[in-house]
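Student: Got a structure here, written out as structure tokens. Questions coming.
The values are calculated or read from the model by the stated rules, or taken from the named source; none is laboratory data. All values derive from a computational prediction rather than experimental measurement. Here the Cβ positions follow ideal geometry from the backbone for every residue, glycine too, while neighbour counts run over all protein chains shown. Remember, those area values only see protein heavy atoms, side chains included, never the ligands or the DNA or RNA. Shrake-Rupley method; radii C 1.70, N 1.55, O 1.52, S 1.80 Å.
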Amino acid sequence: MRKGARDGSLNLHIRLATKEDLDALLNLENICFKEETFQKRQLKYLLLKARSMVLVAEIDRNIIGSMIILLRKNILNARIYSFNVHPEHRRKGIGSSLMDTALDKLEKKGYKNITLEVGINNQIAWNLYRSKGFIVDKKLSNYYTNGDDALHLIKKLG
Ligand SMILES: CC(C)(COP(=O)(O)OP(=O)(O)OC[C@H]1O[C@@H](n2cnc3c(N)ncnc32)[C@H](O)[C@@H]1OP(=O)(O)O)[C@@H](O)C(=O)NCCC(=O)NCCS
């Protein structure tokens, strides 16, 4: 049987990020994305200054997944801004666990909607989002700097 988050055979721990995680988050970001990666100062802002919730997934104290969620004062809409799992640890249920943790925390905090944008060709992420109940709200033409379109997805909570 494949080792995975779902059967508990991975020593997976999902927690809120702290300022000590900045370098590991930056490293993961650079491994996971070829284009439109965050600079260190942007990640630092998202982690420490922005109204956000940053989750990390770790195995044996190594950060192998993350999710950055943007929040706004007095608005019960949360936006998933960044979401990734280290390539060597994909397809083990870690992304799914990160998403379940985020949805659970946001619902407990009273958030009503969760939104995100996904590249129109990112079938893998779209599969995950669809399985979690996200639906297409609208298409965003020319959304990425390389000209690719995106889909704006929404999930209602509660
Ligand atoms: C999207 C991403 C976070 C998924 O993480 P993951 O840990 O591999 O996902 P999981 O193992 O939890 O899989 C959850 C679901 O995603 C879908 N999925 C994951 N990998 C897939 C693959 N290779 N092919 C098709 N569907 C896939 C499936 O629906 C899967 O559910 P299932 O295993 O029951 O079939 C990861 O692929 C990633 O980091 N991709 C690069 C960054 C990215 O595209 N982020 C999203 C930006 S919008």
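Student: The conditions are (1) in contact (Cβ under 8 Å) with a residue 60 or more places away in the chain; (2) farther than 20 Å from SER131 by Cβ; (3) in contact with an Asp or Glu (Cβ under 8 Å, 6 or more places away or on another chain), and LEU12 fails exactly one of them. Which is it?
Tutor: So the condition that LEU12 fails would be (2).
Student: Taking segment 142-158, which residues are assigned to a loop (DSSP other than H, G, I, E, B), surrounded by fewer than 17 Cβ atoms within 10 Å (Cβ to Cβ) and either at positive phi or not polar (S, T, N, Q) (or both)?
Tutor: ASN142, TYR144, GLY147, ASP148, ASP149, GLY158
Student: Being touching a strand residue (DSSP E or B) at 6+ places or on another chain (Cβ under 6 Å) and within 6 Å of the ligand (Cβ to nearest atom), is that true of even one residue in segment 91-107?
Tutor: yes
Student: Across segment 41-56, what is the total count of residues that are open to solvent by 100 Å² or more (accessible area, probe 1.4 Å) and closer than 17 Å to THR115 by Cβ?
Tutor: Qualifying residue count for the region: 1.
Student: What are the residues in segment 121-141 that are within 6 Å of the ligand (Cβ to nearest atom) and loosely packed, with under 13 Cβ neighbours inside 10 Å, if any?
Tutor: ILE124, ASN127, SER131
Student: Ok, one more. Looking only at segment 90-101, which residues are buried (at least 19 other Cβ atoms within 10 Å of the Cβ) and farther than 15 Å from ASP7 by Cβ?
Tutor: GLY95, LEU98, MET99
Student: So ASN84 fits all but one of (1) within 21 Å of LEU16 (Cα to Cα); (2) under 14 Å from the mean Cα position of the chain (by Cα); (3) surrounded by 13 or more Cβ atoms within 10 Å (Cβ to Cβ); (4) more than 9 Å from the ligand (Cβ to nearest atom); what number is the exception?
Tutor: For ASN84, the failing item is (4).
Student: Looking at segment 60-79, can you tell me whether even one residue there is within 21 Å of LEU151 (Cα to Cα), of a type in the set (Asp, Glu) and exposed (fewer than 13 other Cβ atoms within 10 Å of the Cβ)?
Tutor: No - not one qualifying residue is present in segment 60-79.
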